[in-house]
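The structure under discussion appears below in the form of structure tokens.
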Amino acid sequence: MEERLQKLLSAAGVCSRRAAEGYITAGRVTVNGAPAELGQRADPDRDEVCVDGKPLAPRAEPVCLLLNKPRGYVTTLSDEQGRRTVADLVADCGVRVYPVGRLDLDSEGLLLLTNDGALAQHLMHPSHEVSKTYHVSVYGPVAGAAERLAALTDLEGEAIRPAQVEVLRGTKQTAELAVTIHEGKNRQIRRMCAACGLTVKRLRRVREHSLELGDLPPGKWRFLTPEEVAALRDASEKPS
């Protein structure tokens, strides 16, 4: 089946799709001996695609990992500022994998990575509304904080679906909350807390759909089981 060259290079673990455009425009990619062009498609079963004169490696088998992302790592494969990336933590998994969604630099917890582009796109698409649960430590006016957060339907003019919020523990000035959302808007939990006058001390994702972080140590990862992958595929194929 024909696919865009950028996708073929990415699936073979050569580089990201964005970087592949540079490879093509630099003349480093050929199809059946002829220089490739942006937008060109090829069939890996029929055409010979080469990078720097070397044929692409066979497409890697789909894999999916669950990483416990620590603070201080950015959710990307490379960083122009030289910061540590989640790619550093999964470099020993044997294949090139990509993050599914994001956790910001100061957030931690459950992060999926995969080389299955179709699965990743489905999980991130807003129509599927895959639920995500976070444990959030806050301080400030915590009395009634759960109710205020659950009542939010607008963030700076942007509509959001109501969250489910539970108080796990608290004092007069601090609280740990379990917040479940069905969207992945940029820094959504932190923005929700700020809108309610709360300051976030720690934000950790502990659940995504049917997957739980459990006792996986920070900075460690594991392969998902076939049953876990099947459950994710089922979620991604059922629009809300």
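The values are calculated or read from the model by the stated rules, or taken from the named source; none is laboratory data. This is a predicted model, so every value here is computed, not measured. All Cβ positions, glycine included, derive from the backbone under ideal geometry; neighbour counts span all protein chains shown.
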Task: Criterion (more than 30 Å from residue 91 (Cα to Cα), β-branched (Val, Ile, Thr) and out of contact with any Pro (no Cβ under 8 Å at 6 or more places or on another chain)) met by exactly one of 189, 160 - done: 160
Open item on the list: modelled with pLDDT of 95 or more, in the same structural domain as residue 106 (by TED's automatic domain parsing) and of a type outside the set (Phe, Trp, Tyr): is that true of residue 198 in this structure?
Closed with: no
Open item on the list: Can you say whether residue 206 is touching an Asp or Glu at 6+ places or on another chain (Cβ under 7 Å) and part of a strand (DSSP E or B), as far as the supplied structure shows?
Closed with: yes
TODO: For residue 77, indicate whether it is part of a loop (DSSP other than H, G, I, E, B), farther than 28 Å from residue 4 by Cα and within 15 Å of the chain's Cα centre (by Cα).
DONE: no
Task: Matching residues in the range 146-179 - criterion: being in a strand (DSSP E or B), modelled with pLDDT of 95 or more and either surrounded by fewer than 16 Cβ atoms within 10 Å (Cβ to Cβ) or at positive phi (or both) - done: 164, 166, 167, 168, 169, 174
TODO: Please note which strands (runs of 3 or more DSSP E) are completely contained in the range 1-69 and include at least 3 residues that are within 20 Å of the chain's Cα centre (by Cα).
DONE: 64-69
Open item on the list: Going residue by residue through the range 62-84, is there one that turns out to be farther than 30 Å from residue 204 by Cβ, touching a residue at least 40 places away in the same chain (Cβ under 8 Å) and either out of contact with any strand residue (DSSP E or B) (no Cβ under 8 Å at 6 or more places or on another chain) or surrounded by fewer than 18 Cβ atoms within 10 Å (Cβ to Cβ) (or both)?
Closed with: no
